[in-house]
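Engineer: Following this message is one structure expressed as structure tokens.
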Amino acid sequence: MSSAASVLRRALLYVPGSSQKMLNKSRSLNVDLVAYDLEDSVAPHSKHEARFAVRDFLMQPKADNIREQAVRINAVDSGYALQDLTEVLKAPSVDTIVVPKVNQAADLHFISDVIRHTLPDQDRQPSAGSRPPVKILALIESAQALMSLREICTASPYLDGLIFAAEDFAADLSITRTPSLSEFLYARSAIVTASRAYNLPSAIDLVCTAYKGDDAKLSLEEESRGGKVMGFNGKQCIHPSQVEVVQRIYGPNLKELEWAVRVVVGNKKAESVGRGAWTLDGKMIDVPVVKKCVAIVARAGLCGYDTGKLLAKWKDQQPE
Ligand code: COA
Ligand code: MG
């Protein structure tokens, strides 16, 4: 499992593996995580061809503007998963496997065994130049999966996060998605809580299926803010136009970051005079607030903010 502090998966963009045009386009995008898809965006008659197209495409080195490359394989019970994995793991630039329709621990046992079998160095201590261990992200998309979160979260040492798939989940429960997303409250909350409880660095929220026009942009912003407030640290995207909005909202904004920096600096001063609780702008600051602010500053660094400069700017911040 990765250390949470080093993981940045604000946007996960799906790219259909059957579209050479979109595969090529993905290399020009600035995105934290690209998931090349072999599952639902690929028609059954194109599965075989798409698998080889994605494998060949991923033989080239990763583009600088993409942090992480994943492949979403087909589900374990689809009949395609073994061949998908065997082929795509040949490409050294695959960092992560996204596994759809994970319903039980056994699904991840299967995937982990195949990874281990295909990549014998997977469990060795990484050395300079060696391939880092391949990680797994599990899609939670059924009632059964939700009821099995505990066993799923502890099923594989390679598991690095959970993703909520609203459309399949709605189909499984025979419910209809509404703009408020209130019908998904329990599922989303359970996923975020499980990922924290089992120390998985990522909890990635549902796709906003609307992507064209001003209304779609507003929905995307609202959904992204809502997911962030619930504790998700990223969101799935289906179109390049969604990525900038999602990455902006899931990264710290400058106001939030300045506040966090002032708390971190002020807390050092408070600690030096033996104060655990103190005040900033009329608000009480204590250990949990400081912990959150330290995490915000660390994440801002990953997002490209010059946190050193901000820390210097606020170096004289005093506790009230
Ligand atoms: N990844 C990479 N490039 C994409 C893309 C994606 N997901 N979606 C669109 N593009 C590219 C298009 O090829 C086009 O490129 P160009 O400027 O070089 O011509 C550009 O972005 C604009 O695309 P646009 O014309 O607005 O969209 P479209 O009609 O080509 O495609 C969708 C719309 C919804 C079919 C397409 O975005 C898509 O297939 N998304 C992924 C769906 C998916 O993976 N679903 C399963 C997971 S939920
Ligand atoms: Mg699905």
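Engineer: Would you mind finding the one in Asn74, Asn24 that is under 20 Å from the mean Cα position of the chain (by Cα) and assigned by TED's automatic domain parsing to the domain that holds Pro126?
Structural biologist: The unique qualifying residue is Asn74.
Engineer: Mind telling me which of the residues Lys90, Lys101 ends up being of a type in the set (Lys, Arg), within 16 Å of ligand 1 (Cβ to nearest atom) and closer than 30 Å to Ala53 by Cα?
Structural biologist: Of the residues listed, the single one that is of a type in the set (Lys, Arg), within 16 Å of ligand 1 (Cβ to nearest atom) and closer than 30 Å to Ala53 by Cα is Lys101.
Engineer: Okay, next question. Could you please give the count of residues in segment 163-195 that are away from ligand 1 (no atom under 16 Å from the Cβ) and either loosely packed, with under 13 Cβ neighbours inside 10 Å or farther than 19 Å from Glu222 by Cα (or both)?
Structural biologist: Of the residues in that region, 16 qualify.
Engineer: Here is a further query. Look at Tyr80 and say whether it is in contact with a His (Cβ under 9 Å, 6 or more places away or on another chain) and within 16 Å of ligand 1 (Cβ to nearest atom).
Structural biologist: yes
Engineer: Considering each residue of segment 98-142, count those that are among the charged types (D, E, K, R) and modelled with pLDDT of 95 or more, and give that number.
Structural biologist: Quick first cut of segment 98-142, residues among the charged types (D, E, K, R) only: 101, 107, 113, 116, 121, 123-124, 131, 135, 141.
Okay, now just the ones that are also modelled with pLDDT of 95 or more, so 101, 107, 113, 116, 135, 141.
Qualifying residue count, segment 98-142: 6.
Engineer: Please report, ordered by residue number, the helices (runs of 4 or more DSSP H) entirely within segment 33-118 with at least 3 residues that are closer than 24 Å to Cys153 by Cβ.
Structural biologist: 81-88, 105-118
Engineer: Okay, next question. Taking segment 241-287 as the search range and keeping residues that are under 25 Å from Ile204 (Cβ atoms) and acidic (Asp, Glu), which one is modelled with the lowest pLDDT?
Structural biologist: Glu256
Engineer: Touching a Pro at 6+ places or on another chain (Cβ under 7 Å) and surrounded by fewer than 24 Cβ atoms within 10 Å (Cβ to Cβ): does that describe Met59? Steps first, please.
Structural biologist: Working: touching a Pro at 6+ places or on another chain (Cβ under 7 Å): no; surrounded by fewer than 24 Cβ atoms within 10 Å (Cβ to Cβ): yes.
Against the criterion (touching a Pro at 6+ places or on another chain (Cβ under 7 Å) and surrounded by fewer than 24 Cβ atoms within 10 Å (Cβ to Cβ)), Met59 does not qualify.
Engineer: Collect the residues in segment 295-320 that are out of contact with any strand residue (DSSP E or B) (no Cβ under 6 Å at 6 or more places or on another chain), assigned to a loop (DSSP other than H, G, I, E, B) and within 20 Å of Thr279 (Cα to Cα), keeping them in residue-number order. Give the steps one after another, and end with the answer.
Structural biologist: Our first condition is that a residue be out of contact with any strand residue (DSSP E or B) (no Cβ under 6 Å at 6 or more places or on another chain); within segment 295-320, this holds for 295-318.
Cutting the leftovers down to assigned to a loop (DSSP other than H, G, I, E, B) gives us 303-306, 314-318.
The answer is Trp314, Lys315, Asp316, Gln317, Gln318.
Engineer: Among the numbered criteria (1) under 19 Å from Gly161 (Cβ atoms); (2) in a loop (DSSP other than H, G, I, E, B), which single criterion is violated by Asp121?
Structural biologist: It is condition (1) that Asp121 fails.
Engineer: Starting from residues that are under 22 Å from Arg10 (Cα atoms) and away from ligand 1 (no atom under 16 Å from the Cβ), keep the ones in segment 119-152 and report whichever is surrounded by the fewest Cβ atoms within 10 Å (Cβ to Cβ).
Structural biologist: Looking at residues that are under 22 Å from Arg10 (Cα atoms) and away from ligand 1 (no atom under 16 Å from the Cβ), I get Pro132.
Engineer: Got a sec? Which of Pro157, Pro201, Pro179, Pro252 is under 12 Å from the mean Cα position of the chain (by Cα) and away from ligand 2 (no atom under 16 Å from the Cβ)?
Structural biologist: Values: Pro157 fails: under 12 Å from the mean Cα position of the chain (by Cα); Pro179 fails: under 12 Å from the mean Cα position of the chain (by Cα); Pro252 fails: under 12 Å from the mean Cα position of the chain (by Cα).
It is Pro201.
Engineer: Is it the case that segment 211-219 has a residue that's without any contact (Cβ under 8 Å) to a residue 40 or more places away in the chain, outside the structural domain of Lys25 (by TED's automatic domain parsing) and either within 21 Å of the chain's Cα centre (by Cα) or over 26 Å from Arg188 (Cβ atoms) (or both)? Break it down stepwise before answering.
Structural biologist: Here is the first cut: in segment 211-219, the residues without any contact (Cβ under 8 Å) to a residue 40 or more places away in the chain are 211-218.
Add one more test, that the residue is outside the structural domain of Lys25 (by TED's automatic domain parsing), and what stays is none.
Checked segment 211-219: no residue is without any contact (Cβ under 8 Å) to a residue 40 or more places away in the chain, outside the structural domain of Lys25 (by TED's automatic domain parsing) and either within 21 Å of the chain's Cα centre (by Cα) or over 26 Å from Arg188 (Cβ atoms) (or both).
Engineer: Against the conditions (1) of a type outside the set (Phe, Trp, Tyr); (2) part of a strand (DSSP E or B); (3) in contact with a strand residue (DSSP E or B) (Cβ under 6 Å, 6 or more places away or on another chain), where does Thr279 fall short? Just the number, please.
Structural biologist: Going through (1) of a type outside the set (Phe, Trp, Tyr); (2) part of a strand (DSSP E or B); (3) in contact with a strand residue (DSSP E or B) (Cβ under 6 Å, 6 or more places away or on another chain) one by one, Thr279 breaks only (3).
Engineer: Given the criteria buried (at least 17 other Cβ atoms within 10 Å of the Cβ), assigned by TED's automatic domain parsing to the domain that holds Ile204 and in contact with a Leu (Cβ under 9 Å, 6 or more places away or on another chain), does Gly234 qualify?
Structural biologist: Yes, satisfied.
Engineer: Looking at Lys269 and the list (1) touching a helix residue (DSSP H, G or I) at 6+ places or on another chain (Cβ under 9 Å); (2) assigned to a helix (DSSP H, G or I), which single condition is not satisfied?
Structural biologist: So the condition that Lys269 fails would be (1).
The values are calculated or read from the model by the stated rules, or taken from the named source; none is laboratory data. The shown structure was predicted, so the numbers you read here are calculated from the model rather than taken from an experiment. Cβ sites come from the backbone with ideal geometry, for glycine too, and all protein chains shown count toward neighbours.
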